[in-house]
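Worksheet: one structure, shown below.
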Amino acid sequence: MKKKYNIDKVIFCASVITSAFLLFIYLNSTVFKLNFVLIGVFQELLTIPSILAQPILLFLSLRRLIRIKFKVKSYVFCASIVSLITTILTFGSFIIAKLPSVF
């Protein structure tokens, strides 16, 4: 018997992992300010793929959420909320960085 993977849990785990990584990057640049070489290597290698993965994960979770008829008690609902918040914050930070400074 083949073991069937639950796609909802995979989307949820991927969404949480990418959100946690982007949160760590933000915290490292503002609070921790760690300058270890290994941390810098992982940041350089994984920042762009995780930023690009967020809208893809949001699309996949919303598509799956529509398919299961918007069940609130599901992994996909939580994944779509996490992906939506992280996508808004990530791409919103690019817009805020472009605004002229008032002070």
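Relative contact order of the chain: 38 percent, from C-alpha pairs under 8 Å at least 6 residues apart in sequence. A simple spin-label model places the labels of Val37 and Lys9 3.9 nm from each other, with each point 7 Å out along Cα-to-Cβ.
Could you give the dipole magnitude of the chain about its Cα centre, charging the beta-carbon of Lys and Arg +1 and that of Asp and Glu -1, in debye to the nearest 20?
Working: 12 positive and 2 negative charges, 155 e Å.
It works out to roughly 740 debye.
Only lysines eight or more places from Lys9 in sequence, or on another chain, were considered; those with a Cα closer than 21 Å are Lys69, Lys71, Lys73. Which entry in (1) 23, 16, 13; (2) 39, 20, 7; (3) 30, 19, 10 is this structure's computed semi-axes √(5λ) of the Cα gyration tensor in Å? Among (1) 23, 16, 13; (2) 39, 20, 7; (3) 30, 19, 10, the one calculated here is (3).
Any read-out appearing in this document is the output of simple, stated calculations on the displayed coordinates, not a laboratory observation. Computed from a predicted model, the values in this text were never measured in an experiment. Cβ: placed from backbone, ideal geometry, glycine included. Neighbour counts: every protein chain shown.
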